[in-house]
Structures are given as C-alpha cells and as structure tokens.
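Visitor: There's a structure below that I have some questions on.
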Amino acid sequence: MRGPWILLIAIVVFALWIAAVYNGLVRLRNHCRESWSGIDTELKRRYDLIPRLVEVVKGYAQHERQVFERVVQARQAAVASTGAPASQARDENALVGSIKGLLAVAERYPDLKASDQFLALQRELVNTEDRIQAARRFYNANVRDLNTRIEAFPSNLIASLWGFERADYFEIEEAIVREAPRVEMTAPV
C-alpha cells in the first residue's frame, strides 16, 4: 500500500518542479522583454535629440553637408531597425559613428562650442547616452540570467521541451566617449 503513495508523491513533486522551472523561465523571458522596452524608450529619446543637434551644428558649419547627410541617414536606418538586438545594434553603431563625426565637426568651430544651445544639447546627449548604457546593462543582465537558465542542467530540458530560446545581447558603442584629461608633468627647472 505504501508503494503507490510514494510513487504518487514522487510524481507530484516532479510535476511541481517542472512547473517551477517553467514559471522561472517565463519570468526571465518577461524580464528580458521589459528591459528591452527600456532600451527602446531611451533610443527614441536619442532619435528625437539628433535632429536638433544637427540643426544647431548646421547653422555654424554649413559646408559640412556630407556629415549631416550621414547622420540623417544613419538615424533613419536606426529608427527603422526593429529586428533582433544584434541587427539593431549594427544600425545603432553606425548612428553612433555618425554622431561622433558630427561632434568632431563641432570641435572645429569655437563659436559653436561656446553656444549655449549646443552645450545644452551636448549635455542632453551625454545624459541620454548614460541612460542608454544603463538600460543596456540591465537588459544584458536579464539576457545573461535567461540564457544561463536555458543552458544549465536540468532546466535546459524544460526549456528545450517548451521551446525557450536564447536571447541576444545588445552591444552598442557610446556616442560620447569621455576622455580623461591630459596632465603633463614637467621637471622643475
């Protein structure tokens, strides 16, 4: 009489374990989706900022037409990119490269660098880039947790049975790279 009860208890424990693992995988997948929406929000903020930045620089450096066109084209490609994080990261990296080119143009114009409007936009861009990087780190941490659960034994059995797939990391460059100030040491004379 004890044998069937032990078997029944073992089946119930096994079923509860499967449910717990499945629910954990669903929770991690939802964390990834939620954190991706945080990245999407910050990228849209950047997309809205770029045209204003281009217009300010354009007012000072009108003969730098190719730089402006590259930024506009890269922005349009990044806005249109809605694929997997890896493909969107390629478009974002192209946009970051064009923004760096735009900021390099701004360096050649002292009046522009002193413009209050340009400085405010540049501060806003730095703030936006910081927010994108924070959202990216949060998303990638969630992806790491999901991928670890999908690959680790024995939860990988449940993941493969119900079709859970690894998520892609989102790797992009920073548009504004902060350089450490140069300090030159000279020997006392």
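Visitor: Against the longest alpha carbon principal axis of the chain, how many degrees, from 0 to 90 and to the nearest 10, is the axis of helix 116-151 turned?
Guide: Helix 116-151 sits roughly 20 degrees off the main axis of the chain.
Visitor: How much FRET efficiency would the formula 1/(1 + (r/R0)^6) give for Glu173 and Ala19, where r is the Cβ-Cβ distance and R0 is 45 Å, rounded to 0.05?
Guide: Values: r = 42 Å, r/R0 = 0.93.
Efficiency for this residue pair is about 0.60.
Visitor: Report the relative contact order of segment 33-147, percent, no decimals, based on alpha-carbon pairs under 8 angstrom and at least 6 residues apart. Mind showing how you got there, number by number?
Guide: On the way: 77 pairs, mean separation 48.0, N = 115.
Reported relative contact order: 42 percent.
Visitor: Let me ask another. Expressed in nm to one decimal, what extension gain is obtained for the pair Arg27 and Asp48 from 0.36 nm per residue of sequence separation less their Cα-Cα distance? The partial results should precede the final answer.
Guide: Values: separation 21, 0.36 × 21 = 7.56 nm, distance 3.21 nm.
Here the segment from Arg27 to Asp48 would lengthen by 4.4 nm.
Visitor: Among Ala20, Ala86, Ala61, which one shows the highest mean-square fluctuation when the chain is modelled as a Gaussian network with alpha-carbon springs under 10 Å?
Guide: It is Ala20.
Visitor: Return one number: the angle in degrees, 0 to 90 and rounded to the nearest 10, between the long axis of the Cα atoms of helix 65-80 and the longest principal axis of the Cα atoms of the chain.
Guide: On a 0 to 90 degree scale, this one is about 20.
Visitor: Restricting to DSSP H runs of at least four residues, report the calculated mean residue ellipticity at 222 nm for the chain, -39500 (n - 2.57) per run over all residues, nearest 500 deg cm²/dmol. Write out the running numbers ahead of the final one.
Guide: Values: 6 runs with 146 residues, N = 189.
About -27500 deg cm²/dmol.
Visitor: If you find the alpha carbon centre of segment 110-153 and of segment 42-101, how far apart are they in angstrom?
Guide: 15
Visitor: Also, quick follow-up: Explain nothing, just compute: Karplus ³J(HN,Hα) = 6.51 cos²θ - 1.76 cosθ + 1.60, θ = phi - 60°, for every residue of segment 18-26 in order, whole Hz, x for Gly and Pro.
Guide: Computed from phi, the couplings for segment 18-26 are 4, 4, 5, 5, 4, 5, x, 5, 5 Hz.
Visitor: Kindly list the residues of segment 110-153 that lie in the label zone of Trp162, defined by a backbone N under 20 Å from the point 7 Å along the Cα-to-C-beta vector.
Guide: 142-153
Bear in mind these aren't lab numbers, they're just calculated from the coordinates by the rules spelled out. Everything numeric here is computed off the predicted structure, so don't read it as measured data. Note that each Cβ is placed from the backbone with ideal geometry, even for glycine, and that neighbours are counted across all protein chains shown.
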